[in-house]
Amino acid sequence: MLIVACIKQVPDTTQVKIDPVTGTLIREGVPFIMNPFDTHALEESLRLKDKYGLRVAVISMGPPNTEVTLRKALAVGADEAILLSDRAFGGADTLATSKVLAEAIVGLAQKEEVALVICGKQTIDGDTAQVGPGIATRLGYSQLTLVDHIDSLDLNARKIRCRRKLEGWHEVVEASFPAMISVLREINHPRYPTVPMRLIAQDAPVTLWDNNVMQLDKATIGLNGSATQVRRIFSPERTQGEILGEGINDPGKVAQLLIGKLVEKDLLFI
Amino acid sequence: MSPNVMPFAVIFVVAVVFFGWSAFKRFRLITLGKADNRFNELGKRFWNMLFYAFGQRRVVARPFGINHFILFWCFMILLIANAEFLLNGLFPEYIDLALLPSGLYYALSLIFDLVSLFAFLAVIVAVIRRLAFPPPNMDAHSRDAFVIISLVGALMLAFFGLHASEIAHGLEPAASYMPVSGFIARTVFAGLPLPMLAWLIFIFWWIHAIVLLGFLNYLPYSKHMHIMTAIPNCFFKSLDKVTTQPREEFKKESVFGVGQVDYFPWKGLFDSYSCTVCGRCSDICPATSTGKELNPRLVIHDIKENLFHNGPLLVKGEKTTLPLIGAGCEGSVSEASIWACTTCAACMEVCPVFIEHVPRIVDMRRDLVEMRAKFPEELLSFFENMEQRSNPWGIAPAERTKWASGIDVKPFESGKTEYLFFVGCYGAFDARSRRVTLALSRILNAGGISWGILGKDEFCCGDSLRRLGNEFAFDRMARDSIKMFQERGVKKIITQCPHCYNTLKNDYRQYGAELEVVHHTELINTLIQEGKLKLNGAKNLGKLVFHDSCYLGRYNLIYDAPRQALATATGQHPVEMERHHDKSFCCGAGGGRMWLEESVGKRINVARVEEALQENPDTVCVCCPYCMTMFEDGLKDKDADAKVQVLDLAEIVDKTL
């Protein structure tokens, strides 16, 4: 049985700047990393592999250099890496992305039964949290989002029980295979690759599936298959506020000053 | 004088064969170790051996070392006497001191007699010390030690018994030249009948022979094996100061680090044979003395025990049965010990026989990190931040220049700027250290130095990665940095962090980078001594205490420059703490410990701050961003941060401009 971990290579957003003239991301010199949420999805897949002996395949849709990130997944113990890359996939929004990923999972499921698809809750560049649910919807899988703990996996009964972290409470839910779960960062601490594994991963095969392989209708993928188009990207302008009570050390006075100001600005009602 | 040639010959041959077999068994295990060239520059090595082994230079650095010095030289001189004794026992007709010209015979008799007395007294002193004033970190009451001391004592007693009874019998022509034996003959054996004396000669002769051969055969099985290994260990000692670790080559199928005893270099194994368990390393170790599991003496001991256990299996081509790391018993080093080391190198600085503890600990860290990815949890984000953003905190590299906003700082350009100011991660990102960076930049400008920075393109030097055993990540970062230096034409570098200094200077040399690296303490001192800085006297410093950074002092022998700079700039010589210069006590942050929690025992920085507070200082002067952080935290811990300020040397000099 197979676990499919979906990962995305993203620009290191702490280092991203937006060109104020063109309104696009300045990508030059910005390093790419594995989407932090996805590192937890991958780790959870590997833990299930260690515990239950399932195989782990990682898939990622992106430009050819995504191979670097897929190799990182191989270095920590993924069994197989598939890169979904084609010019026709480019410019995709979450709808078109989930299409390609779902079709890839269908492709994998033809060879081996897929038990779980594990995604990170969201990416740090798009921040939509839509792709995981999109995949599940397209495939008709159960979807368990916002998972912060996997309680149990029953291979005989083909069931998974997890805990979802919601605002203010937890929910324990159970689903039958195949299921898609999206995970939070709290779920685990990702492992660090050993050097022998890194060296092996350096020239381990990464399978490329382009549209010649996948044969998807061009109207459903890439920019054509996207329901949203980006009109403009911009950084909100920041103006410096007012400095209150500089040099005052008495916390009581500082609080009084602050409360007075908030009331004055109609931000606090007494 | 030996009436026992045949029986003695048999015993002698058996004893020598058994000793040879034991020694072979022991030393064959050394050959299991990995290659390590310690046969270069033989002249220098020979001199080291004379100075440190025969001169006992480091042994006598401690007052009680004098006793060892006496025993050592008595032993050396008595080697001749004992060789004569054994050979005389075999060939009484041909080998005998009495066959020498009488002048020489008398002189040697006098020397042996007196030296035996000194040896006996040294043994008595040693016993009294072990029983009455046991040193804390020496296993003072070990059975092994008392067996050896008793054997040496017994040998001396047998010597005197033999010679005194011979003198009383009238058989010793050199009697009047043997004051001690003569005295015993006159007081103890006087008036005994001749047959009785002959019988005593017989008894003492055999006691002497058996004890001597027994001693020989006991050596390979005891800690006193150092009698055979300490002298060669001084010969094989590292010719340079041990400031770095060997590189690793990253090929598939290779093994990285040391997770099995035979992966150590052979010298590492030989070191373990040379340890006499004197405990000096444990005394000075910041981890041991603050209650951590690490004890450098025991690390070396465990390596030896592991080799004894696994070596014979490895020789036979079998698998090891006792893990080198983490088995929780003697002969296996605990992970907690391995991670507790600050790589301060105090242990290596005091070891009389130059055992290299720190590289062995890093070897084992490499195994844990590189082969098993097993390390304290805190290090995960540290390693990832380093690999992704080339700094410990994972801050965006663009912020490396933030300290310089508002002042005019030039980028480094080959031909236009002479020095690269390698600001370092702390100097660039840490709010407190940025003040040091600014102070130093003002000094550089005041001194007319032509300098520039790499800004956001500067990488971390990788020091902590290397000391933490993450050689793979270090290797990549070092290559990146060196490539950048070459591309930009960097040849001369100023650092404000001793860790950057040591890494750029000593570690990068392994990559063929010939950089002229100068630490700011040296540069500032040079500027002051050359009169290039106009100094107007120190303000508000009060009593000033100086703390040596390990990576500046012990690693790179920079002790005087900061002191001299301070004295000239402030008009007062800094006050020394109890432990200073090469005995200085680590702040607790080296070796990557900066990025690890310290939850066991007393905090090392608190111990050091307490030592500083004994001097009632107003200001503590440091020369390292790690020491700065550790001192400031320690002072807060002791509620003394309002009373005592911590300043970097650069800040103090900057105040006087």
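The values are calculated or read from the model by the stated rules, or taken from the named source; none is laboratory data. Computed from a predicted model, the values in this text were never measured in an experiment. Backbone-built Cβ (ideal geometry, glycine too); neighbour counts: all protein chains shown. Note: accessible area is taken over every heavy atom of the protein model, side chains too, but ligands, DNA and RNA are not part of it. Shrake-Rupley method; radii C 1.70, N 1.55, O 1.52, S 1.80 Å.
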Quiz prompt | From phi via Karplus (6.51, -1.76, 1.60), per-residue ³J(HN,Hα) for segment B:117-131 in Hz, x at Gly/Pro | solution = 5, 4, 4, 5, 5, 4, 5, 4, 4, 4, 5, 4, 4, 4, 7
Self-check item: With Cα atoms, 0 to 90° folded angle of helix B:357-366 axis to chain B main axis
Solution: 60
Self-check item: Cα gyration tensor shape of segment B:130-181, rounded if a/c is under 1.5, else prolate or oblate by comparing a/b with b/c
Solution: prolate
Quiz item: What shape does chain B have by the C-alpha gyration tensor, where a ≥ b ≥ c are the square roots of the eigenvalues, rounded means a/c under 1.5, and otherwise prolate means a/b greater than b/c and oblate the rest?
Solution: prolate
Self-check item: Unit charges on C-beta of K, R, D, E only; dipole of segment A:2-220, Debye
Solution: 280
Practice problem: Output ³J(HN,Hα) for segment A:78-89: one whole-Hz value per residue in order, computed from phi by the Karplus curve 6.51 cos²θ - 1.76 cosθ + 1.60 with θ = phi - 60°, and x for Gly and Pro. | Solution: 5, 7, 8, 10, 10, 9, 9, 9, 6, 4, 5, 7
Quiz item: For segment B:389-417, which residues drop by 30 square angstrom or more in accessible area between the chain on its own and all protein chains together (1.4 Å probe)?
Solution: B:R389, B:A396
Exercise. Could you tell me the total accessible area buried at the A-B interface, probe 1.4 Å, in square angstrom to the nearest hundred?
Key: 1700
Quiz item: Which residues' amide hydrogens lie under 5 Å from the amide hydrogen of A:A5, considering only partners 5 or more residues apart or on another chain, with H built in the peptide plane?
Solution: A:A57, A:V58, A:I59, A:I118
Self-check item: Farthest positive-ward along segment B:105-191 dipole, Cα basis, beta-carbon charges - from B:I111, B:N137, B:I124
Solution: B:N137
Practice problem: Using amide H atoms built 1.01 Å from N in the peptide plane, name the residues 5+ places from A:M180, or on other chains, whose amide H lies under 5 Å from its own. | Solution: A:V117, A:S142, A:Q143, A:L144
Quiz item: Roughly how big is segment B:5-235's charge dipole about its Cα centre, with Cβ charges of +1 (Lys, Arg) and -1 (Asp, Glu), in debye to the nearest 20?
Solution: 1140
Quiz item: Roughly how many nanometres apart are two label points built 7 Å out from the Cα toward the Cβ at B:S450 and B:L239?
Solution: 3.7
Practice problem: Before rounding to the nearest 500, sum -39500 (n - 2.57) across all DSSP H runs of length at least 4 in chain B and divide by the residue total; then give [θ] at 222 nm in deg cm²/dmol. | Solution: -16000 deg cm²/dmol
Exercise. Classify segment B:5-235 as rounded, prolate or oblate from the Cα gyration tensor: take a ≥ b ≥ c as the square roots of its eigenvalues, call it rounded if a/c is under 1.5, otherwise prolate when a/b beats b/c and oblate if not.
Key: prolate
Exercise. Tally up the carbon and sulfur contribution to the accessible surface of chain A as a whole percent, 1.4 Å probe, everything protein left in place.
Key: 52
Quiz item: So which residue, out of A:I259, A:I150, A:I233, gets the largest mean-square fluctuation from a GNM of chain A using Cα contacts under 10 Å as springs?
Solution: A:I259
Exercise. Please turn the phi angles of segment A:114-121 into ³J(HN,Hα) values with the Karplus equation 6.51 cos²θ - 1.76 cosθ + 1.60 (θ = phi - 60°), one per residue in order, whole Hz, x for glycine and proline.
Key: 8, 8, 9, 10, 10, 10, x, 4
Quiz item: So what is the accessible area of segment B:507-588 per residue, in Å², with the probe set to 1.4 Å?
Solution: 41
Quiz item: Nearest 0.05, what FRET efficiency do A:Q215 and A:E113 give at R0 = 22 Å with Cβ-Cβ as r?
Solution: 0.45
Quiz item: How big is D for the protein assembly as shown, in µm² s⁻¹ as a whole number, if Stokes-Einstein is applied with the Kirkwood radius of its Cα pairs at 25 °C and 0.890 mPa s?
Solution: 74
Quiz prompt | Neighbour-limited loop hits for GluC sites (Glu not before Pro), segment A:58-134 (at most 15 other Cβ within 10 Å; DSSP other than H, G, I, E, B) | solution = A:E112, A:E113
Quiz item: If we sort B:171-181, B:579-589, B:544-554, B:406-416 on the protection proxy, mean other Cβ atoms within 10 Å, highest first, what's the order?
Solution: B:544-554, B:579-589, B:171-181, B:406-416
Quiz prompt | Estimated inter-spin distance, B:R479 and A:T128, nm [label 7 Å along Cα→Cβ] | solution = 3.8
Quiz item: How big is the antiparallel share of DSSP beta bridges in chain A, given as a percent to the nearest 5?
Solution: 40
Quiz item: So in the protein assembly as shown, what percent of DSSP beta bridges are antiparallel if you round to the nearest 5?
Solution: 25
Quiz item: Which of the residues in segment B:241-267 lose at least 50 Å² of accessible area when you go from the chain alone to all protein chains together (probe 1.4 Å)?
Solution: B:K252
Practice problem: Please identify the helices of chain A, taking whole runs of DSSP H, that span at least 15 Å along their own axis as judged from the Cα atoms and have a mean Kyte-Doolittle score of -0.5 or higher. | Solution: A:94-111, A:251-264
Practice problem: Please build a GNM for chain A, connecting alpha carbons under 10 Å apart, and tell me which residue among A:Q110, A:Q256, A:Q229 fluctuates the most. | Solution: A:Q256
Quiz item: Among the GluC sites (Glu not before Pro) within segment B:486-529, which fall in a DSSP loop and have no more than 11 other Cβ atoms within 10 Å of their own Cβ?
Solution: B:E514
Quiz item: Points 7 angstrom from Cα along the Cβ direction at B:Y94 and B:T321: gap in nanometres?
Solution: 4.7
Quiz item: Which of the listed residues, B:C621, B:G65, B:I407, is farthest toward the dipole's positive end in the protein assembly as shown, when Lys, Arg count +1 and Asp, Glu count -1 at the beta-carbon?
Solution: B:G65
Exercise. Work out the mean other chain Cβ neighbour count within 10 Å for the residues of A:194-203 and drop it here as an integer.
Key: 5
Quiz item: Carbon-plus-sulfur fraction of the accessible area of chain B, 1.4 Å probe, in percent?
Solution: 60
Practice problem: Kindly report the accessible area of chain A per residue (heavy atoms of protein chains, probe 1.4 Å, no ligands, DNA or RNA), in Å². | Solution: 54
